[in-house]
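A quick write-up on the structure given underneath.
The values are calculated or read from the model by the stated rules, or taken from the named source; none is laboratory data. The structure displayed is predicted, hence computed values, not measured ones. Methodologically, a virtual Cβ is constructed for each residue, glycine included, from the backbone with ideal geometry; neighbour enumeration extends over all protein chains shown.
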């Protein structure tokens, strides 16, 4: 079973096989971690995202709808790949948000497994401007990662990277 860890820090500086981007459905960059990743990666990442978006025109919900994930190179980042996933917007919990959020983690890990990656770092998906309650998001994230890792063989390390202290404390508590 893979090692699951949590740190507080900046996901854009990690030297792992892949980092996960909490993207928007257009894949064209935005605010929060998405903007930070695009800024640090440089224009090559945006160009690769444009190609994916063009190839996926007509997909309901945009080139990468909520709960889905795609993989690109990493541009100027120290990691090898960026896995872009789109978390759900919180609408009170009765609109399938937990299933969509779990899908973000599952599909990201399956893409990593398919690409023979050994290490993956996740930000706190949907807890910023998408409004997902941090405690609920952390519980979904950890459960989805643990469940998905049971069906994978190649991934040896999963890192939750919390930008803020509150998320860090939540993950530490839930991971024991």
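Within segment 158-176, the set of residues being outside any helix (DSSP H, G or I) and surrounded by 21 or more Cβ atoms within 10 Å (Cβ to Cβ) comprises 158, 160, 161, 162. For segment 8-27, taking the residues that are assigned to a helix (DSSP H, G or I) and under 13 Å from the mean Cα position of the chain (by Cα), the one that is surrounded by the fewest Cβ atoms within 10 Å (Cβ to Cβ) is identified as 12. Looking at residue 63, is it over 13 Å from residue 123 (Cβ atoms) and at pLDDT below 95? Criteria met by residue 63.
The number of residues in segment 28-48 being closer than 20 Å to residue 126 by Cα and surrounded by 14 or more Cβ atoms within 10 Å (Cβ to Cβ) comes to 9. Counting only helices (runs of 4 or more DSSP H) that sit wholly inside segment 28-126, those with at least 1 residues that are in contact (Cβ under 8 Å) with a residue 40 or more places away in the chain and in contact with a strand residue (DSSP E or B) (Cβ under 6 Å, 6 or more places away or on another chain) are 32-41, 97-114. Screening residue 45 on (1) over 25 Å from residue 145 (Cβ atoms); (2) touching a helix residue (DSSP H, G or I) at 6+ places or on another chain (Cβ under 9 Å) shows it passes everything except condition (1).
Could you tell me whether any residue of segment 75-93 is modelled with pLDDT of 95 or more, surrounded by 21 or more Cβ atoms within 10 Å (Cβ to Cβ), over 15 Å from the mean Cα position of the chain (by Cα) and under 20 Å from residue 40 (Cβ atoms)? Yes, there is a match, as at least one residue in segment 75-93 is modelled with pLDDT of 95 or more, surrounded by 21 or more Cβ atoms within 10 Å (Cβ to Cβ), over 15 Å from the mean Cα position of the chain (by Cα) and under 20 Å from residue 40 (Cβ atoms). When residue 53 is tested against (1) on the phi < 0 side of the Ramachandran plot; (2) surrounded by 21 or more Cβ atoms within 10 Å (Cβ to Cβ), only condition (2) is not met.
Output the residue which, of all residues in segment 127-139 that are outside any helix (DSSP H, G or I) and modelled with pLDDT of 95 or more, is surrounded by the most Cβ atoms within 10 Å (Cβ to Cβ). My answer is 127. Entry remark, segment 140-157: residues being in contact with a helix residue (DSSP H, G or I) (Cβ under 7 Å, 6 or more places away or on another chain), surrounded by 15 or more Cβ atoms within 10 Å (Cβ to Cβ) and more than 11 Å from residue 105 (Cα to Cα) number 2 in total. Here the condition is being surrounded by 23 or more Cβ atoms within 10 Å (Cβ to Cβ), more than 16 Å from residue 19 (Cβ to Cβ) and touching a helix residue (DSSP H, G or I) at 6+ places or on another chain (Cβ under 6 Å); of 109, 101, it holds for 101 alone.
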